[in-house]
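Where a number appears in this text, it was derived from the coordinates with a stated rule and is not lab data. Please read all numbers here as calculations on a predicted model, not as lab measurements. Using ideal geometry, Cβ is built from the backbone for each residue, glycine included, and neighbour counts are taken over all protein chains shown.
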Amino acid sequence: MKLSVMQENLARGLGVVSRAVSNRSTLPVLANVLLKTEDGGLRLTTTNLEIGLVYWVPGKVETDGSTTVPARLLADLVGSLPGGQRIDLETGANETLHVSAGPFQSHVKGIDADEFPSIQPTGERPTTRIAQNVLKRALEETAFAAATDEARPILTGVLCRFEGETVTLAAADNYRIAVKTIPILDPVGDTSVVVPARALNELMRVLGDTDDPVDVVLAQSRNQILFHLEGIDLVSRLIDGQFPNYQSVLPKAHTTRAVLDREELLRAVRPAALIAHESANIVKLQISANGESGITVSANAEIGDHVGQVQATVEGDGTSIAFNAKYLADVLEKVAADQFALELQGPLAPGVFKPIGDDSYVHVVMPVRTTS
């Protein structure tokens, strides 16, 4: 293999694919990046056997070939070189990669490319396409609600339910549920898969704020999903199992509804959360009855207390409810909405957050029991 690439292009590509490198694998090759000439450039590939990332770097190829070298070492080496320079890459004896840029030369020992696992489904046609900015926003508003505890692996994923011209994304742990429905560009038959939230978090990093589509390939025969955008592929395994019936948990009615400004409530929650962090991380909301007197946000701990007021338009009964401060702050920080409707059925029923003017999203937070 012998080719030339620009430093900034190679550095950008290595920065993307390095996030899928395995840290604790018993297979040494999984700590490496696969370098392979393709389509007049260089294809970079990494995988931890759950997620695979592929990035195409434009270049000038003299001799085709492939090898694998430690991903983070190569990324650091390339990142240390001056920008705007041409980097020459050439493989030598014993899988050694020669890296040269002007007066700088490095040799990195690698592993034969044949030992690198195949990660991409081949011969599969796109199942559908989704506008990148639409998918990115939907993932930002849902994936954070997935569980991080591996005790129930199915909850570490995001349910993707394709139905006709839409896909519904649902994420849940034991304390909250986030659900978002978005349009897709190509209608599909009804099908559901569960994608690891970790993979979708990486997808968010590479999606652009553009109407350009990302191709979605469901390769269920290989238990994989592939997302393709120009120059980048992300492949993820699917999680086996039955995702919980979250729809049965979504409250169908409420006795109190408060319409409030998201930023105003967030400003009240943040200092309360600092106090709450010193005890059980509990923030209380006291909602007045019909009218516009609003919501009192409070927290108490041995170290001190905090009270804040938020203006709101309230319909129905007055009530109080306590939430984990983190879960309350998460929905207020992650969901792009000017105003929320907070719907409640008393202190022991889940709280429902709905953006005003957006029926495609709902977020449910379970309450915390308190002694008062």
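The table for this structure:
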| quantity | calculated |
| --- | --- |
| Local electrostatic count at residue 224 - Lys and Arg +1, Asp and Glu -1, tallied over other residues with Cβ under 10 Å | +1 |
| Region 128-248: translational diffusion in µm²/s, Stokes-Einstein, Kirkwood Rh over Cα pairs, 37 °C, 0.692 mPa s | 230 µm²/s |
| Helical contribution to [θ] at 222 nm, DSSP H n ≥ 4, -39,500 (n - 2.57), averaged over the chain, rounded to 500 | -5500 deg cm²/dmol |
| Net charge of neighbours whose Cβ lies under 14 Å from the Cβ of residue 362, counting Lys and Arg as +1 and Asp and Glu as -1 | +2 |
| Mean shadow area of the chain, taken as a quarter of the surface of its Cα convex hull (nm²) | 21.9 nm² |
| Equivalent ellipsoid dimensions for region 234-372 as semi-axes, Å, which come from the Cα gyration tensor, largest first | 25, 19, 15 |
| Difference of contour (0.36 nm per residue) and Cα-Cα distance, residue 38 to residue 223 | 64.0 nm |
| Contour excess over end-to-end distance, with Cα ends at residue 109 and residue 64 and 0.36 nm allotted per residue | 14.3 nm |
| DSSP-assigned coil residues among GluC sites (Glu not before Pro) in region 6-61, each with at most 16 further Cβ atoms within 10 Å | 50 |
